[in-house]
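Participant: Before we start, here is the structure in question, set down as structure tokens.
The values are calculated or read from the model by the stated rules, or taken from the named source; none is laboratory data. The model shown is predicted, which means the values in this text are computed figures rather than measured ones. All Cβ positions, glycine included, derive from the backbone under ideal geometry; neighbour counts span all protein chains shown. Accessible surface areas use protein heavy atoms only, side chains included; no ligands, DNA or RNA. Shrake-Rupley method; radii C 1.70, N 1.55, O 1.52, S 1.80 Å.
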Amino acid sequence: MNKLRLALRAALFAATTLALASLANAQANRTWVSGVGDDVNPCSRTAPCKTFAGAIGKTVVGGEIDALDPGAFGPVIISKSITIDGTGVLAGILAAHGNGITIDSRETTNLISVRLRGLSLNGLGTGGSGIRVVSANRVVIEDCVIDGFAGGVDVAAGSVFVKNTAIRNNRIGVTAAAGAQVGLTDVELVFNATALVGGPSIVQFNNVVLYRNP
């Protein structure tokens, strides 16, 4: 009887441990960040995270991170397909050192797709790249402001489409490496030391304002 009780207790303990581990590792289709959030939270709407980096691990592949209210949500490295949306609030990223957003796919054959909307990235004059695309299939950047970096949008590989975005006060506004494909529409490139590098890789150029880029 004692052996049976011990076996039942052991089984119950194992089941409880697995259930708690499953809950801890659960990922949601949509997660949330808030200026008053905490990264120990599950990133739900009622218990949001503090940073994009904290939320990304709790979001499924192909899911979405949204900003509930204004805040500085920190630099983030993206290695899976995801959407980050700050539409409607001041969703900021301050990156005085390094990149604001780095996109670098873990996959070698099935590269990722990333959508960035409504974000304000500020490098404070010393940051690396606002958005650095190392490896990806498709990246869409919409309704963003990228200010004060060494490079505003820096594309090493992949197809990147930038729409309705201000890229200003950077040393280089947009860099497109050989083999990359970059499209720009309704984009403002102003007050950058150099507006564009890698012209042959910029395959679409529509309604782009170039002002005071030496």
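Participant: Of the lysine pairs in the chain, how many meet both conditions: Cα atoms under 29 Å apart, and a spacing of 8 or more in sequence or different chains?
Facilitator: Lysine pairs satisfying the spacing and distance rule in the chain number 6.
Participant: On a 0 to 90 degree scale, rounded to 10, what angle separates helix 2-24 from the longest Cα axis of the chain?
Facilitator: Helix 2-24 sits roughly 10 degrees off the main axis of the chain.
Participant: Got a number for the accessible area of residue 201? Probe 1.4 Å, square angstrom, nearest 10.
Facilitator: Rounded to the nearest 10, the figure is 10 Å².
Participant: Using the Cα centre of the chain as the reference point, and only Cβ charges (+1 on K/R, -1 on D/E), how large is the resulting charge dipole? Debye, rounded to the nearest 20.
Facilitator: In total the dipole reaches around 760 debye.
Participant: To continue, here is another question. How many nm is it between the label spots at residue 137 and residue 77, if each spot is 7 Å from the Cα in line with the beta carbon?
Facilitator: It is 2.3 nm.
Participant: Further question: Run the simple label-point estimate for residue 178 and residue 46 please: 7 Å along Cα→C-beta, distance reported in nm.
Facilitator: A separation of 5.7 nm, rounded to one decimal place.
Participant: Select from 176, 125, 135 the residue farthest towards the positive end of the dipole of segment 109-196; place +1 on Cβ of Lys and Arg, -1 on Cβ of Asp and Glu, and compute about the Cα centre.
Facilitator: My answer, from the dipole projection, is 135.
Participant: For a paramagnetic label modelled at 7 Å from the Cα of residue 171 toward its Cβ, which residues of segment 99-128 fall within the zone defined by backbone nitrogen distances under 12 Å?
Facilitator: Once the point is set 7 Å along Cα→Cβ of residue 171, 125-128 turn out to lie under 12 Å by backbone N, inside segment 99-128.
Participant: If you plug each phi of segment 89-96 into the Karplus form 6.51 cos²θ - 1.76 cosθ + 1.60 with θ = phi - 60°, what whole-Hz ³J(HN,Hα) values come out, in order, with x for Gly and Pro?
Facilitator: Couplings: 9, 7, 9, x, 10, 9, 9, 6 Hz.
Participant: Return the unpartnered cysteines for the chain, using a Cβ-Cβ cut-off of under 4.7 Å.
Facilitator: Cysteines lacking a close Cβ partner in the chain: 144.
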